[in-house]
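Each value in this text was obtained by applying a stated rule to the coordinates, not by laboratory testing. Small disclaimer: the values here were computed from a predicted structure and weren't measured. Here the Cβ positions follow ideal geometry from the backbone for every residue, glycine too, while neighbour counts run over all protein chains shown.
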Amino acid sequence: MMSMRARKFFEPFRSIWHNRELYRRVLLRDIQSSFRGSALGLAWIVVIPLVLVAIYTFVFGVVLNSTWIAATGSPFEVPLIFFTGLTVFGFFMEIIGRAPNYIRDNRIYVTKIIFPLDILGWVLVGTAFFKLCVNLLLLLGFLVFVTGRIPSGMLLLPFLLVPFVLLTLGIAWILAAIGAFVRDLSHVLQALGPIIMFLSPVFYSVQQVPEMFQTPYFLNPLTYVLESLRNLLFFGQAFSIHSYIIYCGAAAVVFLAGFSFFQKLRPGFADVI
């Protein structure tokens, strides 16, 4: 029984491993297409975060008094806290926003019988993850500049991001499969974007939420990552092992469910696009 479950879990990884060279080429093309035709090209990945940090530093470090100023001891760390939250949220929403139309946008692959369509989900997440890594490297540079040290929590960052990425990939597979049949899904998610942002602890901590609402907040897939990442990088607090195990379990379930759902609907893609 356990061996069968293990095979199911590693099936998506076997697919991406067997098609790794194809994945590399499609991923590179997808990253380049994000900025094709623009004057600065891939440099926008760096320019946009720099502009955002400058704005956050002025607004949240100079104009507004955030509750995090007392906790950090420096008003210049506060804009970096907001930048951290928006970096994670941007990664999630880029995938959620693109997923419903991703099969239709790549219809040329759908018509190729031998093309492994499941790697499109990996490509979608890979493009967003590339931008996330650039933003995190910039964040690390800003933290070193402001605090004069590298946060020790950076060592635990990969352990926190891996289940989050897999969970998001599972959601992407589900949305991509549904979006191939339901064209309105992308518009619905676009409308829900601001709602998801304000119902996620991007600009505030869950501790500021009334106690009766805090438990439902952790049903949001962003909440645990946002809270844990801030604690690691800015407050020197490691995430609890118990909560981490629960989150990893939930991520594994969503990851496998998303892959299975995508594979089940996959035969009908060619008929609807």
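Using 7 Å Cα-to-Cβ label points, what is the residue 188/residue 235 separation (nm, one decimal)?
3.5 nm
Specify whether the C-alpha gyration tensor of the range 193-261 places it in the rounded, prolate or oblate class, a ≥ b ≥ c being the square roots of the eigenvalues: rounded for a/c under 1.5, otherwise prolate if a/b is larger than b/c and oblate if not. Display every interim value, and only then the final one.
On the way: a/c = 1.90, a/b = 1.30, b/c = 1.47.
Oblate is the answer for the range 193-261, as a/c is 1.5 or above yet b/c matches or exceeds a/b.
Which one of 208, 263, 32 has the biggest mean-square fluctuation once the chain is modelled by GNM with Cα springs under 10 Å?
Fluctuation is largest for 208.
For the chain, take the longest principal axis of its alpha carbons; what is the angle in degrees between that and the long axis of helix 223-234, to the nearest 10 within 0 to 90?
Taking the Cα atoms of the chain, the angle to 223-234 is about 40 degrees.
Hey, rough spin-label estimate for residue 46 and residue 162, points 7 angstrom out along Cα→Cβ, what's it come to in nanometres?
With each label placed 7 Å out from Cα toward Cβ, I get 3.0 nm.
Can you work out the FRET efficiency for the pair residue 246 and residue 144, with r the C-beta to C-beta distance and R0 = 25 Å, to the nearest 0.05?
Details: r = 33 Å, r/R0 = 1.30.
For residue 246 and residue 144, the calculated efficiency is 0.15.
For n ≥ 4 DSSP H runs only, could you compute -39500 (n - 2.57) per run for the chain, divide by its residues and tell me the 222 nm figure to the nearest 500?
On the way: 13 runs with 199 residues, N = 273.
So the calculated ellipticity at 222 nm is -24000 deg cm²/dmol.
If each of residue 8 and residue 111 carries a label point 7 Å out from its Cα toward its Cβ, how far apart are those two points in nm?
The answer from the label model is 3.6 nm.
So I have (i) 58, 52, 33; (ii) 60, 45, 33; (iii) 73, 71, 32, and one of them is Cα extents along the principal axes in Å calculated from this model. Which one is it?
(i)
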